[in-house]
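A quick write-up on the structure given underneath.
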Amino acid sequence: MSSILQPTTTPAAGHWWRLANPRTWPARLQAQIYHHPVQAAASATMFAGFVVMAFPGIDLAVSRWAAAGNADFPLSREHALRLLRDFNRVIPILLLPALAVVLAVQMARPRAWLPRPHKILFFLTFYALGPGLVIQLLKRLVGRARPSEIVEFGGTLPFTPAWQVSGACSRSCSFASGESATAIALIALVFFLPLAWRWKAVVALVPVVLVFSLNRIVFGAHFLSDVVLAWLLMLWIMLWLWSVFAGNGARIDAALTRGRYPIAA
């Protein structure tokens, strides 16, 4: 009788029960993001891609809200929002050459108070690969028309879901959002900071990324999926590249400075 009253759950069964228990999901998700950030970003990108392809009406609903229910996007005429967009476009024009100069200085005469060479090279490489190459390739390959250009909002071109290859657009296409990609690229700057400050910097930058990116939706220039998938793709590339550069930081620094980094105190 005593054996009957004993719990019959084996360790393996207990493990599967914990996996199936929704109360454990937030903690498990947090652990997955913390311990496996690259895989988490990849999974989030694929999941979001599936959602927007399965439910394309989400894009139309959000753009319809931005258009105020008409074939128009009234906020696109707001002077303050236009200035905000211009500011977002100026940032890389100023930031990238400045970082290139700092990298050249570090290679010629390394200074301990400047960012380490491998961190600067990481940011420049990420910017070239992510916003520079991947986003522009997607624009050319997918050929998605912008919200303001489609029939639903007074244009002449057809609506197509994200990832669906279309000949509707031939240049400066909607998918994916370049300005959302450059906005979230600012997150990569947190790797220049000490580890203890990085999450605080991310929290401070998130509102900036949101404002710069969502501004494109209210302009009728991008669908929600253009923005969200640009964010996730850039995070995926960013985290993967950082894992490569951080894991070889000392060797990259030594190669770039011909063995003069780290600098003796």
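The values are calculated or read from the model by the stated rules, or taken from the named source; none is laboratory data. Not measured: the values here are computed from a predicted model. We place every Cβ from the backbone using ideal geometry, glycine too, and count neighbours over all the protein chains shown.
Within segment 55-95, which residues are part of a loop (DSSP other than H, G, I, E, B) and among the aromatic types (Phe, Trp, Tyr)?
Going residue by residue through segment 55-95, those that are part of a loop (DSSP other than H, G, I, E, B) are 55-56, 67-73, 78.
If the condition is that a residue be part of a loop (DSSP other than H, G, I, E, B) and among the aromatic types (Phe, Trp, Tyr), then Phe55, Phe73 are the ones that fit.
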If you go through Trp197, Trp240, the only one that is out of contact with any Leu (no Cβ under 6 Å at 6 or more places or on another chain) and either modelled with pLDDT under 95 or closer than 22 Å to Leu137 by Cβ (or both) is Trp240
Given the conditions (1) surrounded by 12 or more Cβ atoms within 10 Å (Cβ to Cβ); (2) under 23 Å from Leu233 (Cα atoms); (3) at pLDDT below 70, every one holds for Thr24 apart from (2)
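So for segment 98-114 (the condition being part of a helix (DSSP H, G or I), free of Cβ contacts under 8 Å to residues at least 24 places away in the same chain and not aliphatic (A, V, I, L, M)), does at least one residue qualify?
Of all residues in segment 98-114, those part of a helix (DSSP H, G or I) come to 98-108.
Pick out the ones that are also free of Cβ contacts under 8 Å to residues at least 24 places away in the same chain and you get 98, 101-102, 104-105, 108.
Remaining after also requiring not aliphatic (A, V, I, L, M): none.
Checking segment 98-114: not a single residue is part of a helix (DSSP H, G or I), free of Cβ contacts under 8 Å to residues at least 24 places away in the same chain and not aliphatic (A, V, I, L, M).
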TODO: Say whether the condition of being under 24 Å from Thr45 (Cβ atoms) and not basic (Lys, Arg) is met by at least one residue in segment 248-264.
DONE: no
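If you check Phe73 against the conditions, is it at pLDDT 95 or above and either over 27 Å from Pro147 (Cα atoms) or not β-branched (Val, Ile, Thr) (or both)? Walk me through how you get there before you give the answer.
Details: at pLDDT 95 or above: no; either over 27 Å from Pro147 (Cα atoms) or not β-branched (Val, Ile, Thr) (or both): yes.
Against the criterion (at pLDDT 95 or above and either over 27 Å from Pro147 (Cα atoms) or not β-branched (Val, Ile, Thr) (or both)), Phe73 does not qualify.
Matching residues to (1) touching a strand residue (DSSP E or B) at 6+ places or on another chain (Cβ under 6 Å); (2) surrounded by 20 or more Cβ atoms within 10 Å (Cβ to Cβ); (3) under 22 Å from Tyr127 (Cα atoms):
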residue	(1), (2), (3)
Leu138	no, yes, yes
Glu152	no, no, no
Thr160	no, yes, no
Val165	no, no, no
Ala181	no, yes, yes
Ile184	no, yes, yes
Ala201	no, no, yes
Ala204	no, no, yes
Gly247	no, no, yes
Q. Quick check, is Asp253 under 22 Å from Ile135 (Cα atoms), buried (at least 17 other Cβ atoms within 10 Å of the Cβ), touching a residue at least 12 places away in the same chain (Cβ under 8 Å) and of a type in the set (Asp, Glu)?
A. no
